[in-house]
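Below is one structure, written out as structure tokens; the observations come after it.
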Amino acid sequence: MSFINDPITFLAEWITQFLGGFLPEAWVTFIVTLLGVIITASFGLVFVIFLIWLERKIAARFQDRLGPNRAGPFGLLQTFADIVKLITKEDVIPEKADKLTFNIAPILSVVAVLLIWAVVPFAPGWIGTDLNVGVLYIAAVGSFGILSILMAGWSSNNKYALLGAFRAVAQLISYEVPMLVTLMVPVLLARSMGMMTMVESQDLWFIFLAPISAIIFLVSSIAEVGRTPFDLIEAESEIVAGYHTEYTGMKFGLFFAAEFLHAFTIGVLFAIFFLGGWRGPGAEQFRLLGVVYLMLKGLLGYFVVMWVRSTLPRIRIDHMLAFNWKFLTPLSLALLVMTAILDKVFGDTALRFPVLLAGNGSVLLVTWLALRWTSRRHTKERRVFKKRPVAKPA
Amino acid sequence: MLDHWIFIGIFIAIAAVFPLLPIVLARFVAPRKPNPIKLDTYECGMETVGDTWVQFKVQYYIYALVFLVFDIETAFLFPWAVAFDALPLFAVLEGVLFILILAGCLLYCWGKGALEWS
Amino acid sequence: MIPLSWYLFLAAGLFSLGLYGVLARKNAIAILMGVELMLNAVNINIVAFWRYLTPGNVGGQAFAVMVFAVAAAEVAVGLALVISVYRRRKTVAADEINLMKW
Amino acid sequence: MTVEQAVFLFTSALILFSGFMMVTRRNLVHAALYLIVALFGVAVIFVLLEAGFLAVVQVLVYIGAIAILMIFAVMLTRGDISKEQEPVNADFGWALMLAALFCFGLIILIGQWPAVNSQAPALSAETDTVFELGSALVSPDAYVIPFEVASVLLLAALIGALVVARPHKKSK
């Protein structure tokens, strides 16, 4: 194992040997694990500083602006300036707030996103820890995010924050249903919940075997992050700023950092589940290349999220929930059933790819026909005008 | 097996320290001049009217209910998906039956109009 | 290593706390929370017995999953009843809901 | 004392403490939050018992769904919170006695059982419990009937809860 092929394992072995000289073995294991944790966790956090700059730059380009360009070259230091600003702001805790819950909520929201990175496979052999229930772990960690929103909204002692929290939670739990059901498709195709196995079994990227599932996953993930067009969580015109109305300074900043990090994390998860993770030419020999591939694929997913964000307007809450329950959830269930049966029958044959693709196509066709049929019926209903109340002078 | 979870345990601790650091730092750097008006609830920029505990509509509960049912479903179906290779076609169809019964849940709610927001 | 008795003692303590909550609390939702504690104590016992006595047979885990499903069903229906009662009587205090007492 | 024992003792202290806080808090949202801490502690206990799958499901189902449902229900029945009445009913003395008796009885019973100090046999590294669980759940000579019944139970619970919780349409 040379340094160029696998620098992290090389360094880890070197540190183990170095510490093993004068420390008992249990301590060495502990320190190496601790270092691993710190590297994995700070990777996400350091990356988010760069991402905030990137997001602002790209969003500006979409809107025909320049974006941050004063602090540092290309405005690269803008985020640091923002962090300094947020830290030096006064931290106001409202008198009537439930203090402990109020303070824990923003921390919990960052922790919930950061915890996902513990099971992200960066390259062959480079993974925080390869849990055998990795996929379900990701889903479970997400529930802490929901909890943090509920805690923030309730503890603020503010009608609009509570209302915003309730709406947000209704949105998040609704979109978690199609997400969980679609996550079962890659698990089914990989026959494992381990993240490493998931990537290793993608000789053919799963996006080719389950294209519609991939799209459903991306859409429901965008809703989970609460990005436009699903940003009802902070619909300024309707519920002030939503659940974090009462937060100031760094605590407000933590909610935002969590959102940015989450947006990129779903890009990475999309890459792992459907785009083959770190797989690419030469990634087996030079592991650093695997990380580069993963980040590029993750940035691709992230770019799509930003693209959607700058293109679509916010949708109304009833439309959003109807879209989830009456379109995404039935579709994902149908896809799961279709994939399970076809993969069992044709899984080991050469026909796996064409048959699954044909199955996806037919599901798409049936959905399209059903949609056409219902929308025609709806337009007919709408043609019959209802009597509107007429404004009269008092 | 337990090694993996020790990693997760340390990860939780470290992940809690990271967001805690800037907050603690802000304690030392940021000004602290509280006064009653500043500590008042912001709400929507107006003075608070009435009770914070507004009555919520039951629809929130209904969505949570449907979500709960599908959440439990995953507890049953994820192991089924993991063991997929070893299952005969018959066992796969049992899992499909399970999914169809749950789809029945969704259809029932749909038909009863329980999925409507208003 | 942890002996089996530790888990059983923990479960006994948790079950008793839940029992106290169910018997003593006034609010119907708090009573349901007590029931949740009791179900969790049962689950600890099931999984501990699986791990210590029959680790080769996965039945213990299967039944723990069943307990999850039962707990979910119980909470769903129980809370729905509480909400329904609240809508009619404007109270969720269990000892004020006495329509079926006589 | 090994690391596992330390983790176990800390977690069980946390579980029992938050369970105690849960049954004594006046504010129901606080009670629900303490319930969540206790449920998370139970997930840690599952990890110690090497049932990682159950631990994850515990977090997903209990914290992600059941606790949220509880908090929603508390908000929907807010009348009691603003009134801030006594958290316990008139018979709470009896309840306390009964619970304490029950606890001591159980502890004495467990103490007398001979198998109680047995140690956990090592799980073989080859077995993947999730895989076995999945096979057993749909295998005809294992748990396929409970598996299907569980889905019917969930369907029945959902229908029942919907019928009960939804407001009846106003008769015109």
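The values are calculated or read from the model by the stated rules, or taken from the named source; none is laboratory data. Remember, it's a predicted structure, so these values are computed and weren't measured experimentally. With ideal geometry, Cβ positions are generated from the backbone for all residues, glycine too; neighbour counts draw on all protein chains shown.
In table form, for the structure just shown:
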| quantity | calculated |
| --- | --- |
| Single match in D:137, D:154 (criterion: surrounded by 21 or more Cβ atoms within 10 Å (Cβ to Cβ), under 28 Å from residue B:106 (Cβ atoms) and touching a Cys at 6+ places or on another chain (Cβ under 9 Å)) | D:154 |
| Residue that is farthest from residue D:50 (Cα to Cα) [pool: residues in segment A:132-154 that are within 9 Å of chain D (Cβ to nearest Cβ) and polar (S, T, N, Q)] | A:143 |
| Tally of residues being within 7 Å of chain D (Cβ to nearest Cβ) and under 26 Å from residue D:117 (Cβ atoms) across segment C:60-88 | 2 |
| Selection from segment A:307-331 of residues that are more than 10 Å from chain B (Cβ to nearest Cβ) and either surrounded by 18 or more Cβ atoms within 10 Å (Cβ to Cβ) or not in a helix (DSSP H, G or I) (or both) | A:309, A:312, A:313, A:314, A:315, A:323, A:328, A:331 |
| Looking only at segment A:34-49, and only at residues there that are more than 17 Å from the chain's Cα centre (by Cα) and not β-branched (Val, Ile, Thr), the one that is farthest from the other protein chains (Cβ to nearest Cβ) | A:35 |
| Residue within segment C:21-32 that is under 20 Å from residue D:100 (Cα atoms) and in contact with a Lys or Arg (Cβ under 7 Å, 6 or more places away or on another chain) present | yes |
| Flag for residue B:56 being modelled with pLDDT under 75 and of a type outside the set (Gly, Ala, Ser) | yes |
| Candidates B:69, B:82, B:29, filtered to the one that is within 14 Å of chain D (Cβ to nearest Cβ), over 24 Å from residue D:67 (Cα atoms) and at pLDDT 80 or above | B:82 |
| Complete set of residues in segment B:67-98 that are closer than 22 Å to residue B:114 by Cβ and charged (D, E, K, R) | B:71, B:73 |
| Index of the failed condition, residue A:63 passing every other in (1) touching a residue at least 24 places away in the same chain (Cβ under 8 Å); (2) exposed (fewer than 15 other Cβ atoms within 10 Å of the Cβ); (3) closer than 22 Å to residue B:11 by Cα | (3) |
| Segment A:55-109, subset hydroxyl-bearing (Ser, Thr, Tyr) and over 24 Å from the mean Cα position of the chain (by Cα), residue farthest from residue A:252 (Cα to Cα) | A:101 |
| Neighbours by Cβ (under 9 Å, 6+ apart or cross-chain): first from segment A:270-293, under 16 Å from residue A:10 (Cβ atoms); second among the hydroxyl-bearing types (Ser, Thr, Tyr) | A:287/A:9 |
| Residue list for segment D:20-65, restricted to those being modelled with pLDDT under 90, of a type in the set (Val, Ile, Thr) and either surrounded by 24 or more Cβ atoms within 10 Å (Cβ to Cβ) or outside any helix (DSSP H, G or I) (or both) | D:23 |
| Enumeration of residues in segment A:195-228 that are more than 18 Å from residue A:134 (Cβ to Cβ) and within 15 Å of the chain's Cα centre (by Cα) | A:214, A:215, A:216, A:218, A:219, A:220, A:222, A:223, A:225, A:226, A:227, A:228 |
| Members of segment A:66-117 found to be surrounded by 21 or more Cβ atoms within 10 Å (Cβ to Cβ) and more than 12 Å from chain B (Cβ to nearest Cβ), listed by number | A:79 |
| Residue under evaluation residue C:8, criteria (1) within 7 Å of chain D (Cβ to nearest Cβ); (2) more than 25 Å from residue D:47 (Cα to Cα), criterion not met | (2) |
| Single unsatisfied condition, residue C:38 versus (1) hydrophobic (A, V, I, L, M, F, W, C); (2) more than 7 Å from chain D (Cβ to nearest Cβ); (3) crowded, with 19+ Cβ neighbours inside 10 Å; (4) closer than 20 Å to residue D:50 by Cβ | (4) |
| Residue that is within 30 Å of residue D:162 (Cβ to Cβ), at pLDDT 90 or above and part of a helix (DSSP H, G or I), where the choices are C:13, C:34, C:21 | C:34 |
| Qualifying residue in segment C:69-83 (condition: closer than 22 Å to residue D:106 by Cα and surrounded by fewer than 24 Cβ atoms within 10 Å (Cβ to Cβ)) | no |
| Segment A:93-118 - residue that is part of a loop (DSSP other than H, G, I, E, B) and among the aliphatic types (A, V, I, L, M) and, of those, modelled with the lowest pLDDT | A:97 |
| Filter result for the condition that a residue is crowded, with 22+ Cβ neighbours inside 10 Å and free of Cβ contacts under 8 Å to residues at least 60 places away in the same chain, over A:179, A:193 | A:179 |
| Residue check, residue A:269 assigned to a helix (DSSP H, G or I) and at pLDDT 90 or above | yes |
| Lone qualifier among A:56, A:65 - being assigned to a loop (DSSP other than H, G, I, E, B), farther than 19 Å from residue A:291 by Cα and either basic (Lys, Arg) or modelled with pLDDT of 80 or more (or both) | A:65 |
| Residue pairs meeting the criteria (Cβ under 7 Å; at least 6 apart or on separate chains; first part of a helix (DSSP H, G or I), in segment A:74-86; second surrounded by 15 or more Cβ atoms within 10 Å (Cβ to Cβ) and among the β-branched types (Val, Ile, Thr)) | A:79/A:49; A:79/A:52 |
| Selection count, segment B:85-115, where residues are in a helix (DSSP H, G or I), farther than 27 Å from residue D:67 by Cα and either facing another protein chain (nearest Cβ under 7 Å) or in contact with a Ser or Thr (Cβ under 6 Å, 6 or more places away or on another chain) (or both) | 9 |
| Number of the condition not met by residue C:50 [criteria: (1) more than 13 Å from residue D:38 (Cβ to Cβ); (2) at the interface with another protein chain (Cβ under 7 Å from one of its Cβ atoms); (3) at pLDDT below 90] | (2) |
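Yes or no, residue by residue, for (1) within 14 Å of chain B (Cβ to nearest Cβ); (2) in contact with an Asp or Glu (Cβ under 8 Å, 6 or more places away or on another chain); (3) at pLDDT 85 or above:
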{"residue": "D:80", "(1), (2), (3)": "yes, no, no"}
{"residue": "D:98", "(1), (2), (3)": "no, no, yes"}
{"residue": "D:113", "(1), (2), (3)": "no, no, no"}
{"residue": "D:118", "(1), (2), (3)": "no, no, no"}
{"residue": "D:123", "(1), (2), (3)": "yes, yes, no"}
{"residue": "D:132", "(1), (2), (3)": "yes, no, no"}
{"residue": "D:142", "(1), (2), (3)": "yes, no, no"}
{"residue": "D:147", "(1), (2), (3)": "yes, yes, yes"}
